[in-house]
Amino acid sequence: MTGKQEDKSTETRDVLSTAQEDYIETIFNLASGMERVRVTDIAERLGVRMPAVTRAVQSIEKLGLVERDDGRGITLTPMGQKLAGALVHRHSDLVYFLTEVLGVDEGIAEADTCQMEHGISAETAQSLHEFLKEYAQLDETIRQRLRSSNTKSEFRFLPDGKGSGWRA
């Protein structure tokens, strides 16, 4: 990919809303297990109504990230695939970090990741990925010791609710 195309992909991600990123990620995930992705499939996966999906897909189509064809359904363009791959990779890295490194419950990690993945920069995502590659190379005994030091008892000073303002 040329530098110009990479810049365009990065610029496109910068203008996408959180919801649009979720739609792109959902289309990508559905496409790996289906012959064609339909509006009904997306609506069912995201728990939204079909008119909302239609509007979202139209807005993403205007950005050149998806194509719609009655015969094939909804498909990601090459630029959409590249972006979706990056979003899915970022999602996987965050879930892995939260569950394996920090010891967060998988259900909580998934929910938190859905919030976090849209707010981190490409630079932070890359740094996290590099950290996880190094972490994976550590001996299991060391990884286990690191995980056990991340128990909730170690964080007794943190209040329970996010409204408590623990950073103040």
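Calculate the FRET efficiency for LYS133 and ASN29 from the Cβ-Cβ distance with a Förster distance of 22 Å, rounded to the nearest 0.05.
For LYS133 and ASN29, the calculated efficiency is 0.40.
Taking θ = phi - 60°, what integer Hz values does the Karplus form 6.51 cos²θ - 1.76 cosθ + 1.60 yield along segment 17-31, in sequence order, with x for Gly and Pro?
7, 4, 5, 5, 4, 4, 5, 4, 5, 5, 4, 4, 5, 5, 5
Is the shape of segment 88-154 best called rounded, prolate or oblate, per the rule: a/c under 1.5 gives rounded, else a/b larger than b/c gives prolate, else oblate, with a ≥ b ≥ c the square roots of the Cα gyration tensor eigenvalues?
Oblate.
Just name one of LEU46, LEU16, GLY80: the one whose Cα is farthest towards the positive end of the charge dipole of segment 3-83 (beta-carbon charges, Lys/Arg +1, Asp/Glu -1).
LEU46
GLU100 label point, 7 Å along Cα→Cβ, cut-off 15 Å on backbone N: hits in segment 114-129?
In segment 114-129, the label zone of GLU100 (backbone N under 15 Å from the point 7 Å along Cα→Cβ) covers 128-129.
Here, each number is a calculation from the coordinates, and none is a lab measurement. Worth saying up front: this structure is predicted, and the values here are computed from it rather than measured. When we count neighbours, we look across all protein chains shown, and the Cβ atoms used for this are built from the backbone with ideal geometry, even at glycine.
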